[in-house]
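Novice: Pasting a structure here, questions to come.
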Ligand code: FES
Ligand SMILES: [Fe+2]
């Protein structure tokens, strides 16, 4: 994920992704462009330049780059354009109100691999809690560890989302269609969040991971013994993209749409997410990053608990995907 579609307004949008500075903009005809945000002349950020009818003009000495990244005008001197004056262009797709970028070999871009986030409500369907963003000073995998082991809710989030009665919950881990899920079922406990906070209830929080870094959280609570039904408003989205090895873009929001009279509810959900992630998860993740000091996770020989199963399955899956990708790259260049 490069950005929420709502983040890209009329101008030039810049964000570092996977260590690379990326410029995203939309031309007047609606064409979406993602390219390297570094001019090949004196390496100025193109995002400090100006959008034109057909591309972007560098703000330093005026070279112009079209939507294919090719320099096609030099307004200075005799207008000489050096061969090879171009910026890399990345395939970009808008789906589920999200911009998905492919930063590998452009020919290998495959939009069938975009995770299924069709639970994201469509635009204009009422009030929604979407488009949230948090910058995290921690490796992306630490965020995945955090969400794949939701037992942390009953420790790190005691008083905001969880409580002691929920601690003995057992995690069920399963895998289907390449998605890995961890279900936390907490019968006979005290409601930790939502409408049943403080009430006796049976409650659940489940997490579903989709490669490589998108997750959907399902939550809900019912009076004890009542049949469990997943409320369509009870899904939250958590999507992570590495900014660098040690920093992450965290995109989040939730499903469900609300009418005008429920504005307070939308605000309450959004505020609760923002506050909990920012004040409870984030300080812990950033502290973990600092303590790990950039070392490889496995080299630190982590103690493994039963609740870690899903997080470890995801880490292994990602390692396997990386190995396969490296092998493909090696075959291509051989
Ligand atoms: S740095 Fe872009 S034109 Fe000189
Ligand atoms: Fe958390």
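Laboratory data are not the source of any read-out in this text; all were calculated from the coordinates shown. These numbers were taken from a predicted model, which means no experiment stands behind them. Every residue, glycine as well, gets a Cβ built from its backbone with ideal geometry; the counts of neighbours run over all protein chains shown.
Novice: Of 279, 7, how do they rank once you tally other Cβ atoms within 10 Å and put the fewest first? Don't skip to the end; give the middle numbers.
Specialist: Working: 279 10, 7 15.
Fewest-to-most Cβ neighbours within 10 Å comes out as 279, 7.
Novice: Neighbouring Cβ atoms within 10 Å as the yardstick, rank 89, 226 fewest first.
Specialist: 226, 89
Novice: Put a dot 7 Å past each Cα toward the Cβ at residue 195 and residue 296; how far apart are the dots in nm?
Specialist: Here the answer is 5.0 nm between the modelled labels.
Novice: Still on this structure: Would you list 88, 238 from fewest to most Cβ contacts within 10 Å? All intermediate terms of the calculation are to be shown ahead of the outcome.
Specialist: Numbers: 88 14, 238 23.
Lowest to highest Cβ neighbour count: 88, 238.
Novice: Suppose a student asked you for the relative contact order of the range 95-163, using Cα pairs under 8 Å spaced at least 6 residues apart; what percent would you report? Write down the numbers at each step before the final one.
Specialist: Working: 20 pairs, mean separation 14.4, N = 69.
Relative CO of the range 95-163 lands at 21 percent.
Novice: When the scattering of the chain is computed by the Debye formula from its Cα atoms alone, each counted once and equally, what is log10 I(q)/I(0) at q = 0.06, 0.10 Å⁻¹?
Specialist: Here log10 of I(q) over I(0) equals -0.26, -0.68.
Novice: Residue 211 to residue 27: extension gain in nm, 0.36 nm per residue of separation minus the Cα-Cα distance? Could you put the intermediate results ahead of the total?
Specialist: On the way: separation 184, 0.36 × 184 = 66.24 nm, distance 3.05 nm.
Here the segment from residue 211 to residue 27 would lengthen by 63.2 nm.
Novice: Rounded to whole Å, give me the distance from the Cα center of the range 21-88 to that of the range 222-283.
Specialist: Taking the Cα centre of each part, the range 21-88 and the range 222-283 sit 38 Å apart.
Novice: Given R₀ = 22 Å, what would the calculated FRET efficiency be for residue 125 paired with residue 7, taking r from the Cβ atoms and rounding to 0.05? Before the final figure, lay out the partial values.
Specialist: Details: r = 19 Å, r/R0 = 0.88.
Efficiency for this residue pair is about 0.70.
Novice: Would you calculate the separation in nanometres between label points at residue 320 and residue 116, each defined as 7 Å from the Cα along the Cα-to-beta-carbon direction?
Specialist: In this crude label model, residue 320 to residue 116 measures out at 1.9 nm.
Novice: Given an 8 Å cut-off on Cα distances and at least 6 residues of separation, report the relative contact order of the chain as a percent. Display every interim value, and only then the final one.
Specialist: Numbers: 604 pairs, mean separation 51.9, N = 334.
So the answer I get is 16 percent.
Novice: Pop a pseudo-label 7 angstrom from the Cα along the beta-carbon direction at both residue 70 and residue 244 and give the gap in nm to one decimal.
Specialist: Taking the two extended label points, one gets 3.5 nm.
Novice: Residue 185 to residue 158: FRET efficiency via 1/(1 + (r/R0)^6), r the Cβ-Cβ distance, R0 22 Å, to the nearest 0.05?
Specialist: 0.70
Novice: Hey, with R₀ at 35 Å, roughly what FRET efficiency would residue 259 and residue 93 work out to, going by the Cβ-Cβ distance, to 0.05?
Specialist: Working: r = 31 Å, r/R0 = 0.89.
Efficiency for this residue pair is about 0.65.
Novice: Expressed as a rounded percentage, what relative contact order does the range 1-121 have, with Cα pairs under 8 Å and six or more residues apart? Kindly include the intermediate steps, with their values, before the conclusion.
Specialist: Numbers: 214 pairs, mean separation 25.2, N = 121.
Result for the range 1-121 is 21 percent.
Novice: Add -39500 (n - 2.57) for each DSSP H run of 4 or more in the chain, then divide by its residues: what number comes out at 222 nm, to the nearest 500 deg cm²/dmol?
Specialist: Numbers: 5 runs with 63 residues, N = 334.
Using -39500 (n - 2.57) per qualifying helix, the result is -6000 deg cm²/dmol.
Novice: To continue, here is another question. Mind checking the full-extension length gain between residue 228 and residue 305? Use 0.36 nm per residue of separation minus the Cα-Cα distance, one decimal, nm. It would help to have the intermediate numbers written out before the result.
Specialist: Numbers: separation 77, 0.36 × 77 = 27.72 nm, distance 2.84 nm.
Value of the extension gain: 24.9 nm.
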